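Have a look at the structure below before the remarks.
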Amino acid sequence: MESEFLERIKLGIFLEYNSTTIEKKWQEYWAKNGSFEPTEDFTKEKKYILSMFPFPSGRLHMGHVRNYSISDAFARYYRQQNFNVLHPIGFDSFGMPAENAAIKNGSHPKGWTYNNIDYMKGEFASLGFSFSKERELATSDELYTKFEQGFIIDMFENGLLYREKGLLNWCPHDQTVLANEQVVDGCCWRCDTPIVKKDMNQYYFKITQYADELLDSLKNLDGGWPKQVLTMQENWIGKSNGLEFDLFFDESSKEKLSNTFDSFDVFTTRPDTIYGVSYTALAPEHKIVTYMIENNLLSDEVIAQIKYMTNTSSIDRQKEKKGIALGLNVVHPLTDKTVPVWIANFVLMDYGSGAVMAVPAHDDRDFDFAKKYDLAINAVIKPYEGELSSDAAFTEVGELFNSGEFDGLNSKKSQYNIIKYFEENKIGKKTTNYRLKDWGVSRQRYWGAPIPFIHCEDCGLVMEKKENLPIALPEDVEITGEGNPLDNHPTWKHCKCSQCGKDAIRETDTMDTFVESSWYFLRFCASPANWEKEAFSKEQLSYWMGVDQYVGGIEHAILHLLYARFFTKVFRDLGYLDFDEPFDNLLTQGMVLKDGAKMSKSKGNTVDPDAIIEKYGADTARLFILFAAPPTQELEWNDNAVEGAYKFIKRFFDRSSNIVKTDTIPTINHSTLSKDEKYARKKVYEALVRANDVYNEKHTFNTLIAGTMEAMNALNAQTNSDVWSEGYWILSSIMEPVIPHVCWDISSEYFSLNNLNPQVVVDEVFVEDSVTLGVSINGKRRTEIEVALETTKEDIIEMAKEAASKWLEDKEIVKEIVVPKKLVNIVIKG
RNA sequence: GCCAGAGUGGUGGAAUGGUAUACACGGCGGAUUCAAAAUCCGCUGUCGCAAGACUUAGGGGUUCAAAUCCCCUCUCUGGUACCA
């Protein structure tokens, strides 16, 4: 008997799949029913599924679609599993592109931003993402600014925010300061302009106070976070242990410096090489150098060279080692020999103390410099095997010599002894240094949250009163690209001192936008009913946090993810919350490529999500994106494969006509089924088993989709309508997180939406009467045998030998191995 | 340089010690059609007429058995980089 659909295929009649109609219908249904709002019933088990929120640039790109397709699959799955799911979205809406657009086309940053947000909300809806609507927010909302400014004040009061003059990274194009984390290869992370150093006042978050904890608690994230990200953060924090000690000038050098300085301190991670010190080097910005310039102790020519060094961008400074002898000497702390003091361009003022001891014999960098300027190279470590070479520095572990009482020690182990010696004689101490710097957060731009401080002539730097928050941006500004619009505004900055009431000046710097993204995930936990009243409550935070699954791009591995961890720890210490880490599990999705390159406007290889939705529908876009590669890998766009995804959905929709309407899963007597029918059931339940595994553990949606396709192929090879119905009951349930619209449509048409629930695995479908075993000779597969399930091991071996007799002639059988239900391996000799 | 990750058909990828190449794309052939699209069916790792042999970047090792574990080399990707 032929099934109805085979008849229809012959006649060319299909169920017409119209993505637009179906998707619109269900999007309206979800919106009307508030289907994706979490409940406030905190007795239910929860899942907090979060994707990194977008900057409202105007339109979604494929990277966004991938990001939210992944998080939406998680959210929808856990909703099916009866969890209380929080899957919120917002917009990281402050930032320079809004101002750049204003400069370019005269729009107001606010209007530009909120227009974009409206458009992008429409795109989210058309993709069927199951975001909570009630909790949508934009970080440029005044309500958001209000609470953020409150936090800033709290942090300032607790010494976690301070203002200081310092050498800053300045982007000449964007006319603003950048954090170290925002300088990429010496250039601005946004516009690629080479950075220059500028001396100015700036606000800093004291992130270095948390350096140790940020590093140590990375190990608690092991397993939940990709290793790569953990390593990147570890390297970024850059903890190193070593010895810090003072180098004292000799008498004549002290005189030259008019006894203003008698020493400077240096840091080394290689105290074992201390006897090999043959020169020392200061950063060109070092205070001793500055003193010498100011007091005319150096020739004009030398001063010009120093100025050149300090004004060179860090990229150029790295090209060639340059040095200047200062004509000063220090005394070696252990040998009392004099050691010359140099300026070297490779010594960085902002690491350690801006001065180093140099051991050319055992450090590549010091070696290059010594060769160039013909300085002494004193070896003090020799290899355990082989000879020391004079052509290169020996940087391995070896045995100490020419090192006084430490001779003969293993260089690695001697570090402890040498540090101990320095400490006992009070000439130095064990120290830890970090690469991590405090986070500079002020920006000289308009479109950001104002820093809520006031400069008063009498009181100095004072905080704004909390009841006056938010300090909102003025709307009547001119954005020209020249200077800081807040500073140029005629009235905005004039205010009264919050302490003495006298006329004062408002701080015109605004905050780095990474401040907003450092706590938005906490704001989402707040019940919208209380949004006006409070930023969030401890009770709500302790229910929803930490984020069970965070999904976003690897490009945020350091910046955002480090700052968000820092804020969480600060908020904990300020008593706002009581956990240590914000994100329990992190999935970093790969980039979307086309023709092997990242999709970008400048390369002209973008694919517009709206166009794909219009042509094929949101379900096709989502299916392709989740099927083409595992989420953590790069995804190569392929128009043909998109077409393939569309065809699968069409087929999936069309064959649903084989379902017999039912409100419960059909009961099937498995033993009465034909071989094809049994096989189809097995494939369906295999897909179910795989689905649970994928959603909970492996996150390889591509294999879940492949499993569904296999099950469809198997269903297609049989005609039992109960098997069809059961198959669809399960497949439309496990595929709902991926292609929600078409699954809801089928489910409502045939199952009264009763199948979008946890599905029970039926074990009987996996029980088989016979099994095919591979037969291998010496591990190489040669043939196969089909055996009944209860066949004894001996019989299996006999059958295998017979089947493989061709390969066994004249051979001695050494061993026979039977792996139940898998294979037989026969080991032969000769 | 250092640190991490990866290398499987023409392509995206599957298999995490047990029948390598699932699923899909592309290609080829067929059915349907006046024709095309759509749809359906079949074939498709390499060499070979076949029997068969070979095949997971390359080399070595462990094991009855390795894409998978270990060692070496190469290549690619990402991060970081004169960090003392």
Hey, can you rank A:208-218, A:83-93, A:743-753 by average C-beta count inside 10 Å, highest first?
A:83-93, A:743-753, A:208-218
Using just the alpha carbons, could you tell me how many Å³ per residue the convex hull of the stretch A:700-740 encloses?
55 Å³
Distribution output for the stretch A:22-94: share of Cα-Cα pairs per 10 Å bin in percent, first bin at 0, values 18, 41, 35, 6
The Cα extents of the stretch A:242-293 along the principal axes, largest first and rounded to whole Å, are 34, 24, 16
Defining a contact as two alpha carbons under 8 Å apart and six or more residues distant in sequence, what relative contact order in percent does the stretch A:412-513 show?
34 percent
According to the Kirkwood expression over distinct Cα-Cα pairs, how big is the hydrodynamic radius of the stretch A:745-825, in Å?
15.5 Å
May I ask you to rank A:H560, A:H61 by accessible area, largest first, using a 1.4 Å probe over the protein chains only?
A:H61, A:H560
In nm, what is the difference between 0.36 nm times the number of residues separating A:R435 and A:T21 and their Cα-Cα distance?
143.4 nm
Point-charge dipole on Cβ atoms (K/R +1, D/E -1) for chain A, about Cα centre, debye to 20
720 debye
Under a point spin-label approximation (7 Å from Cα along Cα-to-Cβ), what is the A:E234-A:N220 distance to one decimal in nm?
1.8 nm
Backbone N within the stretch A:725-757 under 18 Å of label point (7 Å from A:E710 Cα along the Cβ vector)
A:727-728, A:730-732, A:734-735
Taking Cα atoms of the stretch A:313-406, Rg/Rh with Kirkwood Rh, to two decimals?
0.99
Using a 1.4 Å probe on the protein heavy atoms only, what accessible surface does A:V760 show? Give it in Å² to the nearest 10.
110 Å²
Using square roots of five times the C-alpha gyration tensor eigenvalues, list the equivalent-ellipsoid semi-axes of the stretch A:176-301 in whole Å, biggest first.
37, 24, 13
Kindly flag which residue pairs out of A:K287/A:K307; A:K146/A:K569; A:K110/A:K594; A:K466/A:K569; A:K121/A:K650 have an alpha-carbon separation exceeding 25 Å in this structure.
A:K110/A:K594; A:K121/A:K650
Quick one: Cα convex hull volume of chain A, Å³ per residue?
246 Å³
In the stretch A:633-662, GluC sites (Glu not before Pro) in a DSSP loop with at most 16 other beta-carbon atoms within 10 Å
A:E634
Any idea what log10 I(q)/I(0) is at q = 0.18 Å⁻¹ for the stretch A:242-431, Debye with uniform C-alpha scatterers and no solvent?
-1.25
Binned at 10 Å from zero, the C-alpha pair distances of the stretch A:1-146 give percents of 10, 30, 28, 18, 9, 4, 1, 0
For A:M292, A:M463, give me the order by solvent-accessible area with a 1.4 Å probe, most accessible first, ignoring ligands, DNA and RNA.
A:M463, A:M292
Pairs of Cα atoms under 8 Å, at least six residues apart: use those to get the relative contact order of chain A, whole percent.
14 percent
With an 8 Å cut-off on Cα pairs and a minimum separation of 6 or more residues, tell me the relative contact order of the stretch A:609-765 in percent.
31 percent
GluC sites (Glu not before Pro) within the stretch A:342-427: DSSP coil, no more than 14 neighbouring Cβ in 10 Å:
A:E385, A:E387, A:E396
Prolate/oblate/rounded label for the stretch A:411-485 (Cα gyration tensor, a/c 1.5)
prolate
Could you tell me which of rounded, prolate or oblate describes the stretch A:81-225, using a ≥ b ≥ c as the square roots of the eigenvalues of the alpha-carbon gyration tensor, with rounded for a/c under 1.5 and, failing that, prolate when a/b is larger than b/c and oblate otherwise?
oblate
What translational D, rounded to a whole number of µm²/s, comes out for the stretch A:547-676 from Stokes-Einstein when the hydrodynamic radius is the Kirkwood one over Cα pairs, at 10 °C and 1.306 mPa s?
83 µm²/s
What number results when the radius of gyration of the stretch A:488-546, computed over Cα atoms, is divided by 2.2 N^0.38 Å?
1.67
Consider just the alpha-carbon atoms of the stretch A:609-765 and return their Rg together with their Dmax, both in angstrom.
15.4, 49
A:E710, A:E40, ranked by accessible area, largest first (probe 1.4 Å):
A:E40, A:E710
Given a Förster radius of 22 Å and the C-beta distance between A:A641 and A:S600 as r, what FRET efficiency does 1/(1 + (r/R0)^6) yield to the nearest 0.05?
0.55
With every protein chain present, what is the per residue accessible area of chain A (1.4 Å probe, Å²)?
45 Å²
Highest average packing first - A:224-230, A:583-589, Cβ atoms within 10 Å
A:583-589, A:224-230
What does the stretch A:725-764 give for Rg and for Dmax, in Å, if only its C-alpha atoms count?
9.7, 32
Chain A - percent of accessible surface contributed by carbon and sulfur, probe 1.4 Å:
48 percent
Partner lysines for A:K661 [C-alpha distance under 19 Å; skip if fewer than 8 residues away on the same chain]:
none
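The values are calculated or read from the model by the stated rules, or taken from the named source; none is laboratory data. Small disclaimer: the values here were computed from a predicted structure and weren't measured. Note: ideal-geometry Cβ built from the backbone for every residue, glycine included; neighbour counts use all protein chains shown. Side chains are part of the model used for accessible areas, which takes the heavy atoms of the whole protein and leaves out ligands, DNA and RNA. Shrake-Rupley method; radii C 1.70, N 1.55, O 1.52, S 1.80 Å.
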